[in-house]
Amino acid sequence: MSLKIAICKKDEMFNHSEGWGKWWLDYCQNEGLDFQVIDPYRFDIIDSLTEFDILLWHPSNYVLADMIESRSILYTAQRMGLSVFPDFKTAWHFDDKIAQSYLLQSVNAPVPQSWVFYLMKECIDWVEKEAEFPIIAKLKSGSGSNNVRMLSSKIEALTYAKRMFGRGFSPAPSLVYKAKSKWQSTHDWETFTSRVKRIPEFLHTLSRAKQFPNEHGYAYFQELIPNDGYDLKVVVIGEKICGFSRKSRKGDFRASGGGDIIYDNSLVTKQVRDSALEVSKTLGFQCMGFDYVVDNRTGKGLIVEMCYGFSNDALLATRGYWDSKGEWHSEPLNAPVEILQNMILEKNKQTQ
């Protein structure tokens, strides 16, 4: 039976170079699959899904409409019998670091100590009596190290807490911070020109992100893990594991979003790979990108957050992946294509 695939994509709403829609579109065209690009924001979207077997969507955490409705539409489609990506288990905690923390704790994943407060008095009491500094403060939303800051003293933490239980902070990325971090990780002319060409794309992203209301009414803290100046992005899709490291910005503790990538397989240790695979299997993820920080006191990798979406170009540049037995395969892992291939195989099994 020929499967009909729906690819959610509307460039007028959001068109980013790292979106996965283009990968799905190219694969379906090259393989001669029966597919259609659909507008997920149309008022009759649910009725239009009845003719499809598979639904693919790469929602953006910077598009308000995506965060309002994508999970509802995807879950509804899943209830209708469609195979969807991302499915409920993979997506319900998307762009919510607090939800991710709860979920990871529930399966005893290796994570840093964290604290969350919903009353200002309880938060201030903790800051004054128990907190140890420096400590990391995060908004529950944001990517690429946006909305993550280090608080070095009790005064800074009290100021931050009062702001979070007052007017709060905008979750939109900072233009100054983004420009500075990209400049620091630019080492050659080719990279410089490539990033200059993407300035209009960032400004478009920023305009979308500014539609979100301020984050407030809670405070989320995470212990600072001493490390050797890098973090890890570790991706698990089925039985395949792939990863790379990212250098922290100069004079900064943050690495994600800086664009200074290191491809050194020795940094993605067996403990990191095994824990990522176990968490992904236990929680039933179709695909997950885990951000790890390696504690330089113990050598243990700890998951600080996770997201099913990431740069596929960065993943392809690793030029290979590990299988569940720890064997390396010198074949690039194309995340959106791998996901679709897995969905087609599973759907065909169901219809046999």
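The values are calculated or read from the model by the stated rules, or taken from the named source; none is laboratory data. Because the structure is a prediction, the values reported are computed rather than measured. For neighbour counting, all protein chains shown are included, and Cβ atoms are generated from backbone atoms with ideal geometry for every residue, glycine included.
Restricting to the stretch 48-66, and then to whatever is among the β-branched types (V, I, T) and farther than 13 Å from P86 by Cα, can you tell me which residue is modelled with the lowest pLDDT? Working first, answer last.
Keep residues of the stretch 48-66 that are among the β-branched types (V, I, T), which gives 50, 54, 63.
Within this subset, residues satisfying the condition of being farther than 13 Å from P86 by Cα are 50, 63.
Working: T50: 96, V63: 91.
Once the filter is applied, the top-ranked residue is V63.
Among residues of the stretch 277-288 that are assigned by TED's automatic domain parsing to the domain that holds G301 and on the phi > 0 side of the Ramachandran plot, those with a beta-carbon under 8 Å from a residue that is among the charged types (D, E, K, R) and not in a loop (DSSP other than H, G, I, E, B) at least six positions away or on a different chain give the pairs G284/K89. The residue of the stretch 1-49 that is farthest from L315 (Cα to Cα), among those that are part of a loop (DSSP other than H, G, I, E, B) and of a type in the set (A, V, I, L, M), is M1. Residues of the stretch 9-40 being surrounded by 16 or more Cβ atoms within 10 Å (Cβ to Cβ) and closer than 15 Å to L74 by Cα, which ones? Scanning the stretch 9-40 gives K9, I38, P40.
Among the residues in the stretch 64-84, are any assigned to a loop (DSSP other than H, G, I, E, B) and either in contact with a Leu (Cβ under 7 Å, 6 or more places away or on another chain) or closer than 30 Å to S114 by Cβ (or both)?
Of all residues in the stretch 64-84, those assigned to a loop (DSSP other than H, G, I, E, B) come to 80-82.
Restricting the remaining residues to those that are either in contact with a Leu (Cβ under 7 Å, 6 or more places away or on another chain) or closer than 30 Å to S114 by Cβ (or both) gives 80, 82.
Yes, there is a match, as at least one residue in the stretch 64-84 is assigned to a loop (DSSP other than H, G, I, E, B) and either in contact with a Leu (Cβ under 7 Å, 6 or more places away or on another chain) or closer than 30 Å to S114 by Cβ (or both).
Within the stretch 277-294, the set of residues being out of contact with any Gly (no Cβ under 8 Å at 6 or more places or on another chain) and either farther than 28 Å from S83 by Cβ or among the hydrophobic types (A, V, I, L, M, F, W, C) (or both) comprises L277, V279, L283, F285, C287, M288, F290.
For A109, indicate whether it is buried (at least 18 other Cβ atoms within 10 Å of the Cβ) and over 30 Å from G284 (Cα atoms). Show your work before the answer.
Numbers: buried (at least 18 other Cβ atoms within 10 Å of the Cβ): yes; over 30 Å from G284 (Cα atoms): no.
For A109, the condition - buried (at least 18 other Cβ atoms within 10 Å of the Cβ) and over 30 Å from G284 (Cα atoms) - is not met.
Which of the residues belonging to the stretch 85-100 are assigned to a helix (DSSP H, G or I) and in contact (Cβ under 8 Å) with a residue 60 or more places away in the chain? Of everything in the stretch 85-100, those that are assigned to a helix (DSSP H, G or I) and in contact (Cβ under 8 Å) with a residue 60 or more places away in the chain turn out to be K89, T90, A91, K97, I98, Q100. Checked against (1) among the small types (G, A, S); (2) surrounded by fewer than 17 Cβ atoms within 10 Å (Cβ to Cβ); (3) in a loop (DSSP other than H, G, I, E, B); (4) at pLDDT below 90, G257 passes all but a single condition, namely (2).
Among the candidates L49, L82, the residue that is touching a helix residue (DSSP H, G or I) at 6+ places or on another chain (Cβ under 6 Å) and under 21 Å from T351 (Cβ atoms) is uniquely L49. Total residues in the stretch 214-231 satisfying the condition of being more than 23 Å from P112 (Cβ to Cβ) and out of contact with any helix residue (DSSP H, G or I) (no Cβ under 9 Å at 6 or more places or on another chain): the figure is 1. Tell me, please, whether a residue that is in a loop (DSSP other than H, G, I, E, B) and among the hydrophobic types (A, V, I, L, M, F, W, C) can be found in the stretch 289-307. So far as the stretch 289-307 goes, no, none of its residues is in a loop (DSSP other than H, G, I, E, B) and among the hydrophobic types (A, V, I, L, M, F, W, C).
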